[in-house]
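Student: Handing you a structure now.
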Amino acid sequence: MLLGTAAPDAEQQQDLDFMLNVGQLFSLIVYGQLILEQAALTGVDDDIVDQIFDFQIRDFDLYAIALHGKPTSTQAQQDWAAGAIRKPMPDAERFTRVWERVKEELRAALNALDEGELDVQKLKTSLNDLVAAVGQLHDRVKRIEDERAAERRSIPR
């Protein structure tokens with residue numbers, strides 16, 4: 001709806017920071033759709049899908065707030081951004097269920113390795129995937145911290 005009602009003007013389209021922010025918003029929408037389609041095809045547990053969307057919504061909100069705060073954003077863009085913000089549905093019990101499931105699967109993999117029943121290459125792949133996911137999470141947290149610090153610095157005192 002942003003592009004239909006408050007598309008970036010020619011100057012904004014030349015502003016890499018502005019367009020990167022808009023691109024992040026749209027990529028989160030596309031990723032969300034792909035996640036839902038894949039979950040339907042593979043039968044991924046609703047808890048996992050909901051937990052993924054918990055952080056997806058938080059990320060989307062950060063980019064919407066950043067768009068709202070851009071010095072070059074128009075009133076229409078600010079209105080769109082403010083209207084796009086949603087509160088995720090936090091659920092501590094769901095988070096705990098997902099976390100316990102991850103721990104159980106890792107524990108089972110380690111037990112199978114100890115008993116010689118696990119393909120070492122499969123374990124290495126799983127651990128590499130886990131390390132990559134933790135790295136991505138770390139990068140996301142660092143990026144959010146940096147963005148918040150930049151936002152705080154840009155607020156007139």
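The values are calculated or read from the model by the stated rules, or taken from the named source; none is laboratory data. Bear in mind that the values here come from a model prediction, so they are computed numbers and not experimental data. Methodologically, a virtual Cβ is constructed for each residue, glycine included, from the backbone with ideal geometry; neighbour enumeration extends over all protein chains shown.
Student: Does S73 satisfy the condition of being of a type in the set (G, A, S) and within 22 Å of R153 (Cβ to Cβ)?
Tutor: On the way: of a type in the set (G, A, S): yes; within 22 Å of R153 (Cβ to Cβ): yes.
Considered against the rule, which asks whether it is of a type in the set (G, A, S) and within 22 Å of R153 (Cβ to Cβ), S73 comes out as yes.
Student: A follow-up question, please. Let me confirm something: among T42, T72, which residue is more than 21 Å from A150 (Cα to Cα) and polar (S, T, N, Q)? Explain how you work it out, then say what you get.
Tutor: Details: T72 fails: more than 21 Å from A150 (Cα to Cα).
Result of the check over T42, T72: T42.
Student: Is at least one residue of the range 59-72 β-branched (V, I, T) and outside any loop (DSSP other than H, G, I, E, B)? Even if it seems obvious, please write down each step before you answer.
Tutor: Step one: of the range 59-72, the residues β-branched (V, I, T) are 65, 72.
Of the ones still in play, those that are also outside any loop (DSSP other than H, G, I, E, B) are 65.
Yes - at least one qualifying residue is present in the range 59-72.
Student: Mind telling me which of the residues Q56, Q33 ends up being modelled with pLDDT of 90 or more, assigned to a helix (DSSP H, G or I) and under 21 Å from E151 (Cα atoms)? Walk me through it before giving the result.
Tutor: Values: Q33 fails: under 21 Å from E151 (Cα atoms).
Only one candidate passes the filter, namely Q56.
Student: Let me ask something additional. Could you please give the count of residues in the range 1-36 that are closer than 15 Å to H68 by Cα and among the small types (G, A, S)?
Tutor: 3
Student: Picking from A92, A82, A76, A108, which residue would you name as being exposed (fewer than 13 other Cβ atoms within 10 Å of the Cβ) and touching a His at 6+ places or on another chain (Cβ under 7 Å)? Quick ask: steps written out before the conclusion?
Tutor: Numbers: A92 fails: touching a His at 6+ places or on another chain (Cβ under 7 Å); A76 fails: touching a His at 6+ places or on another chain (Cβ under 7 Å); A108 fails: touching a His at 6+ places or on another chain (Cβ under 7 Å).
None of the others qualify; the one that does is A82.
Student: Look at Q51 and say whether it is surrounded by 13 or more Cβ atoms within 10 Å (Cβ to Cβ), touching an Asp or Glu at 6+ places or on another chain (Cβ under 9 Å) and touching a residue at least 40 places away in the same chain (Cβ under 8 Å). Before you say what the answer is, go through the steps one by one.
Tutor: Numbers: surrounded by 13 or more Cβ atoms within 10 Å (Cβ to Cβ): yes; touching an Asp or Glu at 6+ places or on another chain (Cβ under 9 Å): yes; touching a residue at least 40 places away in the same chain (Cβ under 8 Å): yes.
Yes; evaluated as a whole, the condition is true for this residue.
Student: With the requirement that a residue be on the phi < 0 side of the Ramachandran plot and surrounded by fewer than 12 Cβ atoms within 10 Å (Cβ to Cβ), what does the range 111-129 give you?
Tutor: Start the filter on the range 111-129 by keeping residues that are on the phi < 0 side of the Ramachandran plot, which leaves 111-115, 117-129.
Listed by number, the residues that qualify are N111, D114, E115, E117, D119, V120, Q121, K124, T125, N128, D129.
Student: Tell me which of these R94 doesn't satisfy, since it passes every other one: (1) within 22 Å of R140 (Cα to Cα); (2) over 19 Å from the mean Cα position of the chain (by Cα).
Tutor: Condition not satisfied by R94: (2).
Student: Let me ask something else. Do the conditions hold for F60, that is, is it surrounded by 16 or more Cβ atoms within 10 Å (Cβ to Cβ), of a type in the set (F, W, Y) and farther than 30 Å from R153 by Cβ?
Tutor: Numbers: surrounded by 16 or more Cβ atoms within 10 Å (Cβ to Cβ): yes; of a type in the set (F, W, Y): yes; farther than 30 Å from R153 by Cβ: no.
The answer is no for F60.
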